[in-house]
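Every read-out reported here was derived from the displayed coordinates using simple, explicitly stated rules and does not represent laboratory data. These figures come from a predicted structure and were not determined experimentally. Every residue, glycine among them, receives a Cβ derived from its backbone with ideal geometry; neighbour counts consider all protein chains shown.
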Amino acid sequence: MVMGGVPQYLKEIEKGESATQAIDRICFTKDGLLQDEFENLYHSLFDNARYHMEVIRVLSRKKAGLTRGEIIENCKLSSGGGITQLLEELTESGFITPYIPFNKTRKDSVYKLTDEYSHFYIKFIENSRSAGPGTWIRLSTLEVFSFQFYLPLPKIRRIC
């Protein structure tokens, strides 16, 4: 998720380094390769990348996704301002995926953010930019990362 499955980024992991140490160094240090990659990536792919990044940020806040109209509203865009092309570019590039809800038509598509690196960047790197080395080591110990499975015991009825 951190590296979006990109082999080039995986080469940055040093021998003997734990995953936590590698993520901390690559994403949260001043000179880390992925520290500024989000903006570099979008600006290298799209003209007017700020609109693409805004759509990505808005979609990152809604796991269930948003319709075209909701994206326009949340991003404060105009419906005739090239939003269709913007959504197509993000879809064709693999950053978002449109889904057609059951009993709906294509115009009712819900768009979801499906790019793992963008998810990770927005959730963790973007708001921790000034925290420096040790940031991921601290973040990874937070309760949000401790997965506990709770399976309720079935109720046992006594038959007398």
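What is the Å³ per residue value for the convex hull set by the Cα atoms of region 10-79?
Spelled out: Cα convex hull of region 10-79, divided by residues, is 124 Å³.
Which of the lysines could a cross-linker bridge to residue 123, judged by Cα under 16 Å and excluding same-chain residues fewer than eight apart?
Of all the lysines, those that pass the test against residue 123 - Cα under 16 Å, at least 8 places apart if same chain - are 62, 63, 112.
Two-decimal Rg/Rh of region 7-145 from alpha-carbon positions, Kirkwood Rh?
Taking Rh as the inverse mean 1/r over Cα pairs, Rg/Rh reads 1.03.
Give me the distance in nm between label points sitting 7 Å out from Cα along the Cα-to-Cβ direction at residue 106 and residue 61, one decimal.
Each label point is offset 7 Å from its Cα along the Cβ direction, giving 3.0 nm.
Amide H neighbours of residue 96 under 5 Å, at least 5 residues apart or on other chains, H built in the peptide plane: list them.
91, 114
Compute the distance in nm between two label points, each set 7 Å from the Cα along the Cα-to-Cβ direction, one at residue 116 and one at residue 18.
2.1 nm
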